[in-house]
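K.L.:
Below is one structure. I have some questions about it.
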Amino acid sequence: MKTTGSTILITGGGTGIGEALAHRFHDLGNTVIIAGRRMETLVQVIGDRPNIHALTLDMDDAASVAAFAKTLVADFPGVNVLFNNAGIMRMEGPLDTYRDLSDAEASVTTNLLGPIRVTNALVEHLGRQPDAVIVNVSSGLAFVPLVIAPTYSAIKAAIHNYTESLRAVLKGRIEVVELVPPAVQTDLTPGQKTNARFMPLNAFADQVIALFQKTPTPREILVDGVDFMRNAETEGRFDDTLAAINPFLNK
C-alpha cells in the first residue's frame, strides 16, 4: 500500500481506531475522507487539519450506501483506498432461553452487511485507480471468540473469510489487506477505553502505520500481542486461549 499521496476513505472515522488512523494517514500526506452517521462528530475529528473531509453514511441502509458512493466518487474521484472500519459491539447472553435477538441482528447488519455493501458499491471504481487497496478490519476475536459476544466474534470470522475471498478474486487489480486489532482502548464497549489490560490506542495506531509502511504490505496487519489469538488454533493451543480470554467459563 502506498502510504502517502493516496486518497483514503475510512468508515467509522469519527471515533476510536478510525479517528486515530485518519489523523496518522493525513499527517503522512494523504487526502482522507472519514465517514459516519453524525456529521458533528466527524467535524470534531477534522479539527484544523486541512485535508481531511467528512461525509455522512448509514451503513445499515442500502440506499444510503448507494447514495454515499455516488457522492464520494463525484467529490473525490481519486479515492483509491477503502478502510472498512465502522462497527458496533454488543454483548449477548448466549445461554438465555428467551434472549432478545435485536443486538445480534443489528451487529450482522452493521458489521457484516455494511462492509459488503460499501465494498460492492466502490469496487468497480477502485479497480480503475492506481495503487488501489481495500482494508477490512476484523479482530483477534475472529480466531478465538469472546463467548459473551458470540455474534460479534462470528461476524469477525466472516470478515476474515470474506477478505480472503476478495484477495483471491481481486488479485492483480486491488490489493486486499486485513487489519486484525486486539482489544484496544476505545469507546467500542463501556469501560473499554480505560481498561489497563487493553492496548493503548496511540500505541496501536503507531504500530499499524509502521506495518503498512513495510514493503510489501503484509496481507494481515498484526500488532504486538494479537498473534496470541490469531495463531492459537494453528499452534495447537486454542482451548487454552479460549479459556484465557473467557476466564468466567471456569467459574
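K.L.:
If you scan segment 1-57, which residues turn out to be of a type in the set (Asp, Glu) and under 16 Å from the mean Cα position of the chain (by Cα)? Can you show your working first?
P.N.:
Residues of segment 1-57 of a type in the set (Asp, Glu): 19, 27, 40, 48.
Listed by number, the list holds a single entry, Glu19.
K.L.:
Shifting gears a bit: Under 6 Å between Cβ atoms, at least 6 apart or on separate chains: pull out the pairs that start in segment 206-223 with a residue that is acidic (Asp, Glu) and end on any residue that is buried (at least 17 other Cβ atoms within 10 Å of the Cβ) and at pLDDT 95 or above.
P.N.:
Glu220/Glu178; Glu220/Val180
K.L.:
Which one is surrounded by the fewest Cβ atoms within 10 Å (Cβ to Cβ), of the residues in segment 238-251 that are in contact with a helix residue (DSSP H, G or I) (Cβ under 9 Å, 6 or more places away or on another chain) and either closer than 15 Å to Gly140 by Cα or not polar (S, T, N, Q) (or both)?
P.N.:
Step one: filter segment 238-251 for residues in contact with a helix residue (DSSP H, G or I) (Cβ under 9 Å, 6 or more places away or on another chain), giving 241-245, 249-250.
Now drop any that are not either closer than 15 Å to Gly140 by Cα or not polar (S, T, N, Q) (or both), which leaves 241-245, 249.
Working: Thr241: 18, Leu242: 17, Ala243: 14, Ala244: 13, Ile245: 17, Leu249: 10.
This residue is Leu249.
K.L.:
Please pick out the residue among Arg99, Arg117 that is surrounded by 17 or more Cβ atoms within 10 Å (Cβ to Cβ) and charged (D, E, K, R). Talk me through it step by step, then tell me what you get.
P.N.:
Numbers: Arg99 fails: surrounded by 17 or more Cβ atoms within 10 Å (Cβ to Cβ).
Going through Arg99, Arg117 in turn, just one is surrounded by 17 or more Cβ atoms within 10 Å (Cβ to Cβ) and charged (D, E, K, R): Arg117.
K.L.:
Filter segment 199-234 for residues that are of a type in the set (S, T, N, Q) and part of a loop (DSSP other than H, G, I, E, B); which is surrounded by the fewest Cβ atoms within 10 Å (Cβ to Cβ)? Steps first, answer last, please.
P.N.:
Filtering segment 199-234 for residues of a type in the set (S, T, N, Q) gives 202, 207, 213, 215, 217, 231, 234.
Then drop every residue that is not part of a loop (DSSP other than H, G, I, E, B), which leaves 213, 215, 217, 231, 234.
Numbers: Gln213: 13, Thr215: 5, Thr217: 17, Asn231: 16, Thr234: 9.
Of everything passing the filter in segment 199-234, Thr215 is surrounded by the fewest Cβ atoms within 10 Å (Cβ to Cβ).
K.L.:
Which of the residues belonging to segment 144-161 are part of a helix (DSSP H, G or I) and in contact with a helix residue (DSSP H, G or I) (Cβ under 7 Å, 6 or more places away or on another chain)? Don't jump to the end; show me each part of the working.
P.N.:
Going residue by residue through segment 144-161, those that are part of a helix (DSSP H, G or I) are 150-161.
Within segment 144-161, Thr151, Tyr152, Ser153, Ile155, Lys156, Ala157, Ala158, Ile159, His160 qualify.
K.L.:
Can you say whether Ala196 is over 17 Å from the mean Cα position of the chain (by Cα), of a type in the set (Gly, Ala, Ser) and either closer than 29 Å to Asp239 by Cβ or assigned to a loop (DSSP other than H, G, I, E, B) (or both), as far as the supplied structure shows? Can you show your working first?
P.N.:
Values: over 17 Å from the mean Cα position of the chain (by Cα): yes; of a type in the set (Gly, Ala, Ser): yes; either closer than 29 Å to Asp239 by Cβ or assigned to a loop (DSSP other than H, G, I, E, B) (or both): yes.
Yes.
K.L.:
Name the residues in segment 115-133 that are outside any helix (DSSP H, G or I) and within 16 Å of the chain's Cα centre (by Cα), would you?
P.N.:
Residues of segment 115-133 that are outside any helix (DSSP H, G or I), as a first pass: 128-133.
Of everything in segment 115-133, just one residue is outside any helix (DSSP H, G or I) and within 16 Å of the chain's Cα centre (by Cα), namely Val133.
K.L.:
For the structure I just gave you, tell me whether Leu9 is touching a residue at least 40 places away in the same chain (Cβ under 8 Å), surrounded by fewer than 23 Cβ atoms within 10 Å (Cβ to Cβ) and not aromatic (Phe, Trp, Tyr).
P.N.:
Numbers: touching a residue at least 40 places away in the same chain (Cβ under 8 Å): yes; surrounded by fewer than 23 Cβ atoms within 10 Å (Cβ to Cβ): no; not aromatic (Phe, Trp, Tyr): yes.
No, not satisfied.
K.L.:
Would you call Val176 in a helix (DSSP H, G or I), among the β-branched types (Val, Ile, Thr) and either touching a Leu at 6+ places or on another chain (Cβ under 6 Å) or surrounded by 17 or more Cβ atoms within 10 Å (Cβ to Cβ) (or both)?
P.N.:
Values: in a helix (DSSP H, G or I): no; among the β-branched types (Val, Ile, Thr): yes; either touching a Leu at 6+ places or on another chain (Cβ under 6 Å) or surrounded by 17 or more Cβ atoms within 10 Å (Cβ to Cβ) (or both): yes.
In short, no.
K.L.:
Scan (1) under 17 Å from the mean Cα position of the chain (by Cα); (2) in contact (Cβ under 8 Å) with a residue 24 or more places away in the chain for the single condition Ala154 breaks and write down its number.
P.N.:
(2)
The values are calculated or read from the model by the stated rules, or taken from the named source; none is laboratory data. What you see is a predicted model; the values in this text were computed from it and never measured. Because the Cβ atoms are built from the backbone with ideal geometry, glycine has one as well, and the counts that use them run over all protein chains shown.
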